[in-house]
Amino acid sequence: MDTRKHTINTKGIGLIEVVISVTVLAVGLFGLLQAFPHGVQAEKDIEFASIASYLAQAKLEELATLSYDEITPGTLESGAHANSNTDSPFYNFLRTTTVELLDENLTASVTDIGFKKISVVITWPPVLGGEQQTTELVTMISKR
Amino acid sequence: MQYHKNTNGFTLFEVMVGITIGVMLLGVVLSIYTLSVKSLSSTQNRAEAVQNGRIVLERLTRDIRQSRDIATILPPDDTNPLNPPPNEIIVQDGHNTQLLQYVRYYLNGTDLYRQVLQYHFVDEPTVLVNYDAEDEFGNPPISTTISDQLVGQYIDDIDYYGVDLITVVVTLSKGSVTHVTTTSIFGRNL
């Protein structure tokens, strides 16, 4: 039992080691925390993307009420508010509608052979900064 | 054993420092856990609201786009408080051209139901008639429910307006999340 005298405990964890490990853990946890705003942003963006595609579809339906000749080539609207009422949840969705003439190869053309391409672009401000979000619906109409 | 020479244990100070660090770490981990639970619940609520909104708009789009007659009289817009948009709509079923029947979308609490209706006069149950038909005495037909199914949940409000181009605005909420979505539908057979 006399050997107990020589076993001076030097194997514990020093303060420096504790501080380092706590720092590493804190950095890790901080990194984990960053994931939440991104998750919320992604979720909101998905919601807005869903709304935007319905707004684009609504514009295509509105144009479907018109005849081929009533839809004139060019930019029909640029950056128009999806709803002009500032209280509306759709006010910040901006819509640009363009109509192009197409040739038989479905590329842009200046002569009307009875093909038009309509594209509706909806943009909306991002939730947590960054670039504008955009969705686009394209359809083609032909003269009947 | 010489108890007075024991220097291997922790001092009170060391134990207190250890507990403090441990409690602080636990606090941070707990707050992250709480945050993740809140975030999960809000994500799930939003996903469900968006999904239900999408289902409702898709079902309505399909029925209104194909319909040959809109039985509900709709206001031209949603801005006139004296003529507010209704919360339900009845359209003639345009998918079954052999059968004269109607599709009614109505709210029951926060649930949206799709009901298929057929109209007939009392004395002629096999002859289907229009919803606004009248018999020789000026009586309206009676309706029979063919099916009545739940289409969407968590719906606070649903509005229909517009004459040729019918606009639907759906407001959904689940938990603390509110989702408003809209689209317009042009009935191809109207």
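Here, each number is a calculation from the coordinates, and none is a lab measurement. This structure is a prediction, so every number in the text was calculated from the model and none was measured. Here the Cβ positions follow ideal geometry from the backbone for every residue, glycine too, while neighbour counts run over all protein chains shown.
General observations
- Taking N as its residue count, the alpha carbon Rg of the protein assembly as shown over 2.2 N^0.38 Å: 1.61
- Each principal axis of the Cα atoms in the range B:46-186 has its own extent, and those three values, largest first, are 53, 31, 25 angstrom.
- Most positive-pole-ward Cα, A:109, A:88, B:154, against dipole of the protein assembly as shown from beta carbon charges: B:154
- Whole-number Å³ per residue for the convex hull built on Cα positions in the range B:73-145: 135
- Relative contact order for the range A:2-142, counting Cα pairs under 8 Å that sit 6 or more residues apart, in percent: 19
- What you get for the protein assembly as shown, charging only the Cβ of Lys and Arg (+1) and of Asp and Glu (-1), is a dipole of about 2280 debye around the Cα centre.
- Helix B:12-66 axis versus longest C-alpha principal axis of chain B: approximately 10°, rounded to the nearest ten.
- Cα centroid separation - the range B:51-74 against the range B:112-172, whole Å: 12
- With the convex hull of the Cα atoms taken as the outline of the range A:87-127, the averaged projected area works out to 4.2 nm².
- For chain A, the longest principal axis of the Cα atoms and the long axis of helix A:15-64 meet at an angle of about 10 degrees.
- Counting Cβ atoms of other protein chains within 10 Å of each Cβ in A:82-88 and taking the mean gives 1.
- Whole-number D in µm² s⁻¹ for the range B:12-80, Kirkwood Cα-pair radius fed into Stokes-Einstein, 4 °C, 1.567 mPa s: 74
- Panel order for A:61, A:131, by other beta carbons found within 10 Å of each beta carbon, from fewest to most: A:131, A:61.
- If you take all other residues with their beta carbon under 10 Å from the beta carbon of residue A:118, and give Lys and Arg +1 and Asp and Glu -1, the sum is +2.
- Taking the empirical scaling 2.2 N^0.38 Å for compact globular proteins as reference, chain A has a Cα radius of gyration ratio of 2.06.
- With loop membership from DSSP and a limit of 16 other Cβ atoms within 10 Å, the longest segment of chain B without trypsin sites (Lys or Arg not before Pro) is B:69-187.
- For the protein assembly as shown: lysine pairs under 19 Å (alpha-carbon distance), excluding those fewer than 8 apart on one chain: 9
- Kirkwood estimate for the range B:113-190, i.e. one over the average of 1/r between Cα atoms, Å: 15.6
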